[in-house]
Amino acid sequence: MTIKLCKELRGAEGPDLIIITGDIASGQYWDPLNYYDWIHMVKPLKECIDETPFAIVPGFHDFEADANQYKIMSLIHQQHGNLNEINEF
């Protein structure tokens, strides 16, 4: 239902950019060393986003796993169409 609604809104509004605000994952439920766990979690988002450029602002739960901010941002940055920049913070 959520993906369907998201696709309808994207189609109706035609955004130039989609910003996703946090909590893609619940840290204890994914292995941050396994890239495919991340791909599995963002697959529904990619269905919704389609080819629209996007950025993700990670939330608190995204950082609950044993991955530091750099690792999570590296995973995000690898997604086609992603506009996030990796920085050292």
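Data table
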| quantity | calculated |
| --- | --- |
| Among the candidates D37, D62, residue that is closer than 18 Å to I19 by Cβ, of a type in the set (D, E), at pLDDT below 80 and part of a helix (DSSP H, G or I) | D62 |
| Search result, residues across region 40-54 that are over 9 Å from the mean Cα position of the chain (by Cα) and not in a helix (DSSP H, G or I) | D50, E51, T52, P53 |
| Checking R10 against (1) surrounded by 12 or more Cβ atoms within 10 Å (Cβ to Cβ); (2) at pLDDT 75 or above; (3) within 14 Å of the chain's Cα centre (by Cα), the condition it does not meet | (3) |
| Hey, G22 over 18 Å from I3 (Cα atoms) and at pLDDT below 80 or not | no |
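The values are calculated or read from the model by the stated rules, or taken from the named source; none is laboratory data. It should be emphasised that the depicted structure is a prediction, and the values quoted were computed from it without experimental measurement. Glycine also receives a Cβ, built like all others from the backbone with ideal geometry; neighbour counts cover every protein chain displayed.
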